[in-house]
1. Among the listed residues Ala250, Ala246, Ala182, which satisfies the condition of being touching a strand residue (DSSP E or B) at 6+ places or on another chain (Cβ under 7 Å), among the small types (Gly, Ala, Ser) and surrounded by 14 or more Cβ atoms within 10 Å (Cβ to Cβ)?
2. Scan segment 102-125 residue by residue and report those that are part of a strand (DSSP E or B) and within 12 Å of the ligand (Cβ to nearest atom).
3. Is it the case that Leu163 is buried (at least 17 other Cβ atoms within 10 Å of the Cβ), touching a strand residue (DSSP E or B) at 6+ places or on another chain (Cβ under 6 Å), more than 16 Å from Ala205 (Cα to Cα) and not aromatic (Phe, Trp, Tyr)?
4. Quick check: is even one residue across segment 205-212 small (Gly, Ala, Ser), part of a helix (DSSP H, G or I) and either in contact with a Cys (Cβ under 6 Å, 6 or more places away or on another chain) or more than 9 Å from the ligand (Cβ to nearest atom) (or both)?
5. Looking only at segment 213-233, which residues are more than 9 Å from the ligand (Cβ to nearest atom) and β-branched (Val, Ile, Thr)?
6. Where in segment 4-101 are there helices (runs of 4 or more DSSP H), lying wholly inside it, with at least 2 residues that are charged (D, E, K, R), at pLDDT 85 or above and more than 14 Å from the ligand (Cβ to nearest atom)?
7. Regarding segment 183-192, can at least one residue be identified that is in contact (Cβ under 8 Å) with a residue 60 or more places away in the chain and within 16 Å of the ligand (Cβ to nearest atom)?
Amino acid sequence: MSGGPLPPPDGLVAGAVEALSSARHVCVLTGAGISAESGIPTFRDALTGLWASFRPEELATPEAFERDPEFVWQWYEWRRELIRSSQPNAGHLALVRLARLAPSLTLVTQNVDGLHQRAGSPLVLEYHGNILRDRCVVEQIVAERSPGGGGNLPRCASCGGLLRPDVVWFGEMIPVEALVAAEDAANDCDVFLSIGTSSLVYPAAGLAEIALQRGVPVIEVNPSPTDLTRHADFVLRGPSGTILPALVEALGQGDSARNPQ
Ligand code: BV8
């Protein structure tokens with residue numbers, strides 16, 4: 001994608017469109033905010049029901065699972081139902097189109113909901129795992145459930161060990177493949193797009209810092225200010241389900257204007 005900037009539609013900062021339109025490699029980091037318009041509460045949104053008195057950071061820990069695996073499984077099963085009954089939104093779909101427009105795009109997500117994959121994103125780095133997979137606590141591999149179950153805790157079909165959701169809990173290491181690939185992308189990209197994240201959870205929040213230290217443009221898409229806002233080069237203030245389609249539209253228009261078929 002080459003050639004001069006075009007007048008930006010409302011809400012889009014000209015420089016952001018320009019930075020993306022001349023990008024060779026775009027690195028995208030998404031957080032819970034991109035799935036909010038699909039009806040999935042963010043981590044900032046207070047928990048409801050059984051879990052109202054807990055913070056996600058308290059439930060998503062090996063200690064909580066150790067203490068009361070049934071209670072933690074109930075929370076994950078509740079979230080799984082919500083995710084199974086939700087659909088990717090316009091924000092997820094716009095990133096699929098952006099991946100087609102950009103020469104190279106690396107999509108890193110903190111979300112465990114699998115909605116990027118369901119939207120059709122070709123390559124998604126699951127930085128915090130995927131809630132819809134089970135992992136065997138004994139063999140530490142993704143495992144099938146033993147049909148009989150064994151009480152109300154899911155058991156591994158091959159060794160009978162306890163199963164847990166295949167997600168990264170607080171205090172646990174990021175899967176090394178995703179960790180390394182995401183860091184490589186942040187170290188190679190020439191534009192970093194941070195979407196729907198409060199930029200509070202590390203090491204994910206450190207990826208934008210790598211881009212900042214390299215002096216490549218950092219674009220934030222979020223309806224509210226975050227810890228990254230004052231460092232970002234371009235801030236697109238609004239819901240990703242509105243901003244991202246408009247951004248991709250502007251890029252697409254620019255592209256067809258520059259490369260009429
Ligand atoms: C580790 C999976 C060590 C589970 C998750 C440095 C400084 C401080 C603390 C630490 C540090 N390094 C490590 C830590 C500790 C900790 C941490 O960061 N704590 C935080 C709370 C301060 N990090 C860890 O524990 C990590 N592990 O460090 O291991 C280690 C090292 C060596 C060897 C062994 C161990 C692991 C962190 C991963 C935890 N797992 N999820 C599950 O989902 O059940 S994190 C989970 O919370 C999500 O995945 C996500 O990452 C995070 C929530 O953040 P966001 O996605 O940003 O969502 P949030 O709700 O916060 O914000 C939503 C945003 O969307 C808002 O800004 C809102 O304005 C915006 N929004 C709303 N609507 C929209 C929108 N945006 C756009 N459109 C809209 N419509």
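1. Step by step, each of Ala250, Ala246, Ala182 is checked, and only Ala182 is touching a strand residue (DSSP E or B) at 6+ places or on another chain (Cβ under 7 Å), among the small types (Gly, Ala, Ser) and surrounded by 14 or more Cβ atoms within 10 Å (Cβ to Cβ).
2. Of the residues in segment 102-125, the ones part of a strand (DSSP E or B) are 104-109, 124-125.
Result: Val108, Thr109.
3. Numbers: buried (at least 17 other Cβ atoms within 10 Å of the Cβ): yes; touching a strand residue (DSSP E or B) at 6+ places or on another chain (Cβ under 6 Å): yes; more than 16 Å from Ala205 (Cα to Cα): yes; not aromatic (Phe, Trp, Tyr): yes.
Judged against the criteria, Leu163 is a match.
4. yes
5. Within segment 213-233, Val216, Val218, Ile219, Thr229 qualify.
6. 62-67, 69-84, 90-101
7. Yes, segment 183-192 has at least one match.
The values are calculated or read from the model by the stated rules, or taken from the named source; none is laboratory data. Source: prediction; values computed, not measured. We place every Cβ from the backbone using ideal geometry, glycine too, and count neighbours over all the protein chains shown.
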